[in-house]
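To start, the structure itself, in structure tokens.
The values are calculated or read from the model by the stated rules, or taken from the named source; none is laboratory data. These figures come from a predicted structure and were not determined experimentally. No Cβ is skipped: glycine too gets one built from the backbone with ideal geometry, and neighbour counts run over all protein chains shown. For accessibility, only protein heavy atoms count, side chains too; no ligands or nucleic acids. Shrake-Rupley method; radii C 1.70, N 1.55, O 1.52, S 1.80 Å.
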Amino acid sequence: MMKELLQKLYDVSGPTGGEDAMRKRLTDHLGPSVDEWSVDSLGNLYAVVRPKETSHGVILLTAPMDEPALVVIDDRERPYLRVETLGRLAASAWIGRTVQCSRTGARGIIGVESEIKSSDVTAHHLFIDLITDRDQPELGYFFTAVTPLTWHDERYVSGPALTSRVPCAILCDILLQGATSYTIVGVFAAQSELGARGARVAGHSVKADLALTIQTTEALDTPKAERGTVKLGGGPAIKEADRDMVVAPRVRAALTHTAKAASIAFQLEINLTSRSDAGVLFLSRDGMPAGGVSVPVRYPNAQSPLMDWNDVIATRDLFLSLLHQPEFLQNF
Amino acid sequence: MLLKELTEAFGPSGFEGEVRDLIRREATPFAERITTDTLGSLIVEKNLQQNGPKVLLAAHMDEVSFMIVGIEENGLLRFRPIGGVDPRILVSKVLLVGSKRISGVIGAKAIHLQKPEERKKPLGLSQLFIDIGASTKAEAESHVAIGDTAVFATRYEEYGDRRAKAKSFDDRVGCAILLEALKEDIKLPLVAAFTVQEEIGLRGAGPVAFRTKPDFAIVLEGTVCFDVVDAPAHGESTILGAGPALTLVDSRTVAHRPFRAYVKQVAEENGIPVQMRRVKGGSNDNGIIHLTEGGIVATSISVPVRYIHAPVQSVHLDDVQNAYRLLISVLRGLEKGGFPG
């Protein structure tokens with residue numbers, strides 16, 4: 001069921017800063033399971049699921065819905081379009097990819113000016129070869145990579161947009177499980193690739209008793225990788241520290257105790273170079289208790305981020321176990 | 001428009017007092033309330049009781065400039081830039097230094113004294129100094145102190161075909177347009193904010209947006225224009241004389257697409273030329289305004305400025321006029337509920 005959901009989310013384009021199609025797909029999919037919808041000026045989608053009876057508190061859950069994109073800035077060399085890059089992928093990582101316009105569906109291939117060394121490639125050397133002059137996108141339109149989701153032995157999954165679609169699938173599934181004793185505000189966050197811009201605004205808009213991010217973290221278990229705490233298949237990575245925040249012990253303990261009680265194997269995410277949306281959430285308003293759980297991913301910044309589906313399911317289960325404890329916020 | 005007086009005023013980031021005083025003097029007859037906030041931004045409000053969406057118009061007062069950080073025994077001054085300046089453009093430029101606005105010239109080792117390898121490298125900040133005509137440290141100290149600031153000494157002048165040059169079109173051109181707009185009878189609650197410290201990280205505009213809580217924001221800017229030599233078409237950003245530029249993306253903002261589309265439509269309906277800003281680099285106050293509190297619907301209207309962040313900046317006066325016409329047309333449209341938000 002989650003696999004089908006992931007495929008559904010994967011089939012739409014979610015360029016950072018232009019997440020319209022993702023919002024529509026999520027709203028269509030979740031439909032009546034959500035009590036209240038809203039969208040803000042950054043493009044964040046808010047989905048509120050109210051408690052069965054009296055609310056025991058407000059829990060903000062965020063998942064990024066955007067992926068790296070190219071934005072068209074010049075069309076005077078048709079059918080070649082000049083672009084800028086948005087998001088974490090280096091300009092050179094786009095070379096040779098097939099891309100698709102998120103508004104018109106037009107497809108093209110990324111070319112690069114000749115005589116440029118690959119280490120010197122910037123966005124200004126790239127172009128989208130639209131091949132035909134048929135439908136010309138307007139300046140400001142977005143393109144994202146077209147790469148199918150690939151399953152490996154039905155357990156492992158890879159694809160470039162997984163780092164947002166897996167968190168979105170987990171958040172969707174949590175919201176679909178129905179009411180708890182909390183007011184759950186699910187935020188499908190926009191512009192996460194650009195430095196937590198959506199989350200920053202969402203942190204102000206929602207006054208929550210606890211904010212938790214559902215994101216991904218790099219598994220550092222490959223040859224000669226930098227030393228790290230997280231490995232693929234090691235279970236959900238409960239955030240302890242990243243570049244933007246150190247998680248309060250009580251927030252981390254709520255998650256680790258839940259995992260132990262539910263017999264979910266977990267690991268701790270300690271990665272002082274990676275960024276997340278949690279850092280801006282905990283600094284919003286007059287400060288908000290915040291933490292997160294991340295799905296381990298290998299090769300997050302390359303063509304084929306790879307995940308272990310067992311980690312994905314266990315991450316979802318950890319959230320569900322937490323949300324079905326009616327009293328845990330009172331111990332904060 | 002008050003282009004000459006505004007561009008010649010002295011306004012390093014953090015030292016915008018002279019510009020602020022000038023703007024306050026000019027804005028007072030048209031304002032219902034004028035406030036200077038904690039950071040120094042000037043907030044001019046009009047039509048406070050008017051129904052309709054509150055619109056924040058913002059232009060920054062500060063300019064790229066310099067700070068004196070040392071005085072040598074021989075009376076020469078060491079300095080550092082405030083804001084982004086390419087050190088390669090500095091040698092031999094004339095500055096106005098300190099509260100007395102004394103003249104200084106940026107000097108460096110003469111070409112015949114430079115070693116062959118030195119000649120191949122651009123001069124860095126540590127090889128440059130400001131010469132204010134003092135022969136000793138004591139003499140220099142009677143005119144300037146460490147912490148004083150300096151700006152380029154360029155005077156405003158019109159030249160060629162509707163061109164003008166000055167030291168600080170970024171962003172006094174925006175200030176001039178806002179001041180002019182205050183004279184119009186617009187039936188909307190309006191906030192014209194003249195912000196501080198934009199050049200060193202968009203610092204002033206966030207507190208202004210937080211304080212005024214607008215429904216919409218429009219940033220008036222001078223923006224990069226490199227339609228001259230050796231630039232590929234997609235590297236020129238904007239074209240001088242082709243009209244005000246609307247932002248697609250910059251380094252701090254992905255533009256709110258519906259609001260930009262509305263501004264573009266208003267331009268077309270009124271026969272005002274516009275162009276898209278075709279580069280991601282650079283940013284303006286919108287970068288912080290649109291992220292304020294729960295998010296603010298915002299856009300930028302930018303005047304192309306050739307040789308921006310350099311001693312002599314150049315604009316086309318038609319672009320300035322068209323940016324003003326576009327701003328007024330958009331406000332008239334918002335007055336009629338043309339963009340529901």
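Karplus couplings for region A:211-227 from phi (6.51 cos²θ - 1.76 cosθ + 1.60, θ = phi - 60°), rounded to Hz, Gly and Pro as x?
10, 10, 9, 10, 9, 10, 9, 6, 7, 9, 10, 9, x, 6, 5, 4, 5
Across peptide B:290-298, what mean number of C-beta atoms from other chains lies inside 10 Å of a residue's C-beta?
6
Run the quick spin-label model on residue B:161 and residue A:147: label points 7 Å from Cα toward the beta carbon, then report their separation in nm to one decimal.
Here the modelled spin labels are 5.0 nm apart.
Expressed as a whole percentage, what fraction of the accessible surface of region A:126-250 belongs to carbon and sulfur atoms when a 1.4 Å probe is rolled over the protein heavy atoms?
The nonpolar share, carbon plus sulfur, comes to 46 percent.
I need the Kirkwood Rh of the protein assembly as shown: take the reciprocal of the average 1/r across all distinct C-alpha pairs and report it in angstrom.
Details: mean 1/r = 0.0369 Å⁻¹.
The Cα-based Kirkwood calculation yields 27.1 Å.
So how strong a dipole does chain B carry about its Cα centre when Lys and Arg Cβ are +1 and Asp and Glu Cβ are -1, to the nearest 20 debye?
Values: 41 positive and 43 negative charges, 86 e Å.
In total the dipole reaches around 420 debye.
Separation of region B:214-235 and region B:43-111 by C-alpha centroid, Å?
21 Å
Using only Cα atoms, find the angle between the long axis of helix B:17-27 and the longest principal axis of chain B, and express it within 0 to 90 degrees, rounded to the nearest 10.
Taking the Cα atoms of chain B, the angle to B:17-27 is about 30 degrees.
Select from region A:61-86 all residues whose loss of accessible area on going from the chain by itself to the full protein assembly reaches 40 Å² or more (probe 1.4 Å).
Checking the loss per residue gives A:73, A:76, A:84.
Could you size up the charge dipole of the protein assembly as shown around its Cα centre, putting +1 on the beta carbon of Lys and Arg and -1 on that of Asp and Glu, and report it in debye to the nearest 20?
360 debye
In square angstrom, what is the accessible area per residue of chain B with a 1.4 angstrom probe?
On a per-residue basis, 39 Å².
Let me know the mean shielding of B:247-258 by other chains, meaning the per-residue number of their Cβ atoms within 10 Å of its Cβ. Don't jump to the answer; show the numbers that get you there.
Values: counts 1, 9, 11, 1, 2, 3, 4, 16, 3, 4, 8, 1.
Whole-number average of other-chain Cβ neighbours for B:247-258 is 5.
I need the peptides B:189-198, B:9-18 ranked by packing, meaning the mean over residues of other C-beta atoms within 10 angstrom, with the highest value on top. Walk me through the numbers on the way to the answer.
Numbers: B:189-198: 27.5, B:9-18: 21.9.
Per-residue mean Cβ counts within 10 Å order the peptides as B:189-198, B:9-18.
Relative contact order of chain A: what whole-number percent is it, with Cα pairs under 8 angstrom and at least 6 residues apart?
Over chain A, the number comes to 22 percent.
On a full-extension model of 0.36 nm per residue, what is the gain between residue B:111 and residue B:185, subtracting their alpha-carbon distance, rounded to one decimal in nm?
Full extension of this stretch gives 20.8 nm more.
Which is farthest toward the positive dipole end of region B:213-341 among B:262, B:228, B:295, measuring Cα position about the Cα centre, with Cβ charges +1 (Lys, Arg) and -1 (Asp, Glu)?
The Cα lying farthest towards the positive end belongs to B:295.
Have a look at B:191, A:266, B:92 and report the one farthest towards the positive end of the charge dipole of the protein assembly as shown, computed about the Cα centre with Cβ charges (Lys/Arg +1, Asp/Glu -1).
The residue sitting most towards the positive pole is A:266.
Report, to the nearest whole %, how much of the accessible area of region B:65-152 belongs to carbon and sulfur atoms, 1.4 Å probe, protein only.
Of all accessible area on region B:65-152, carbon and sulfur atoms account for 57 percent.
Using 0.36 nm per residue of separation minus the Cα-Cα distance, give me the extension gain between residue A:246 and residue A:138 in nm, one decimal.
34.6 nm
Tell me, what is the FRET efficiency for residue A:11 and residue B:28 to the nearest 0.05, using R0 = 60 angstrom and their Cβ-Cβ distance as r? Before the final figure, lay out each step's value.
Numbers: r = 59 Å, r/R0 = 0.98.
After rounding, the FRET efficiency stands at 0.55.
For residue B:245, what residues show an amide H to amide H distance below 5 Å, using hydrogens built from the backbone and excluding near sequence neighbours?
The list, which skips near neighbours in sequence, is B:275, B:302, B:303.
Mind ordering A:315-326, A:27-38, B:109-120 by average Cβ neighbours within 10 Å, highest first?
Numbers: A:315-326: 19.6, A:27-38: 13.2, B:109-120: 9.0.
Sorting A:315-326, A:27-38, B:109-120 by mean packing, highest first, produces A:315-326, A:27-38, B:109-120.
Provide the packing ranking of A:158-171, B:133-146, B:209-222, i.e. peptides ordered by the mean count of other C-beta atoms within 10 Å per residue, highest first. Let's see the in-between values first.
Values: A:158-171: 25.9, B:133-146: 14.7, B:209-222: 22.9.
Highest-to-lowest ranking by the protection proxy: A:158-171, B:209-222, B:133-146.
Once each part is reduced to its C-alpha centroid, what is the distance from region A:185-226 to region A:267-332 in angstrom?
Result: 8 Å between the Cα centres.
Using only Cα atoms, find the angle between the long axis of helix B:169-181 and the longest principal axis of chain B, and express it within 0 to 90 degrees, rounded to the nearest 10.
30 degrees
Report the accessible surface area buried between chains A and B, summing both sides, using a 1.4 Å probe on protein heavy atoms only, in Å² rounded to the nearest 100.
Buried area between the two chains comes out at roughly 2200 Å².
What accessible area per residue, rounded to a whole number of Å², is obtained for region A:148-191 using a probe radius of 1.4 Å? List each step's numbers first, then the result.
Numbers: 1140 Å² over 44 residues.
Normalised by residue count, the accessible surface of region A:148-191 is 26 Å².
Quick one: angle between helix B:317-335 and the longest Cα principal axis of chain B, in degrees between 0 and 90, rounded to 10, please.
30 degrees
Using a simple charge model, +1 on the beta-carbon of Lys and Arg, -1 on the beta-carbon of Asp and Glu, nothing else, what dipole does region B:62-213 show about its Cα centre, in debye to the nearest 20?
The calculation lands at about 260 debye.
Expressed in nm to one decimal, what extension gain is obtained for the pair residue A:95 and residue A:27 from 0.36 nm per residue of sequence separation less their Cα-Cα distance?
21.1 nm
Rounded to the nearest 500, what is chain B's calculated 222 nm mean residue ellipticity when only DSSP H runs of at least 4 contribute -39500 (n - 2.57) each, over all residues?
Here the helix-only value at 222 nm equals -7000 deg cm²/dmol.
Could you work out, residue by residue across A:39-45, how many beta carbons of other chains sit within 10 Å of that residue's beta carbon, and then give the average as an integer?
Taking the mean over all residues of the peptide, I get 4.
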